[in-house]
Each structure stands twice: as structure tokens, then as C-alpha cells.
1. Taking into account only those residues within segment 53-76 that are in contact with an Asp or Glu (Cβ under 9 Å, 6 or more places away or on another chain) and in a helix (DSSP H, G or I), which is surrounded by the fewest Cβ atoms within 10 Å (Cβ to Cβ)?
2. Can you say whether residue 36 is loosely packed, with under 10 Cβ neighbours inside 10 Å and out of contact with any helix residue (DSSP H, G or I) (no Cβ under 9 Å at 6 or more places or on another chain), as far as the supplied structure shows?
3. Note down all Cβ pairs under 7 Å where the first residue falls in segment 12-39 and is farther than 16 Å from residue 1 by Cβ and free of Cβ contacts under 8 Å to residues at least 40 places away in the same chain, the second is part of a helix (DSSP H, G or I) and of a type in the set (Lys, Arg), and they're at least six residues apart or on different chains.
4. Can you tell me which residue among 50, 36 is assigned to a helix (DSSP H, G or I) and under 31 Å from the mean Cα position of the chain (by Cα)?
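All of the numbers you see were taken from the coordinates with simple rules; none came from a lab. Keep in mind it's a predicted model, so treat the numbers as computed, not measured. We place every Cβ from the backbone using ideal geometry, glycine too, and count neighbours over all the protein chains shown.
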Amino acid sequence: MRTTIEFEADTTKAIERLRREDGRGVSEAVNELIRRGLNAPSSTPTFVQRTRPLGLKLDVSNIGEVLEVLEGPDAR
């Protein structure tokens, strides 16, 4: 695929650095950097839901009653 892309200064430096180090062409360097980004491990930690027992037994078939128990009758 051919297209025109304008690179910002930091990405241009990374492309040029890779070209100098490995003697690659522009397309090869860009593809390599894209692959590195796609294969990079996620820096976002996995979300873990923590639960604690409330000591309440609630029938959730009537959500209005549940909200009144949890938030109080004056919450609305």
C-alpha cells in the first residue's frame, strides 16, 4: 500500500535512528516501529474488582426498594 504520511519530529528521529543502526529503508524502519508498538506489552494494569460482604440480604427484583435500603428513604 502506498500513502503519504507526515511524521512528527520524535517519530522522524526514531525512524532515522533505526535506519542508521540497521541500514534499513524508510518503509522497513516504519514497519518495524509499528510492529514494535503493536507487540508491546500493555502498560495498563488489569482491573480487579474487590468486593466486601455488606451483611445485607437484598431481593433485587424491586430496585426501588433496594435503593431505599442502601441509600435511605430521603435519597431521591
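1. 65
2. no
3. Cβ pairs passing all conditions: 29/19.
4. 36
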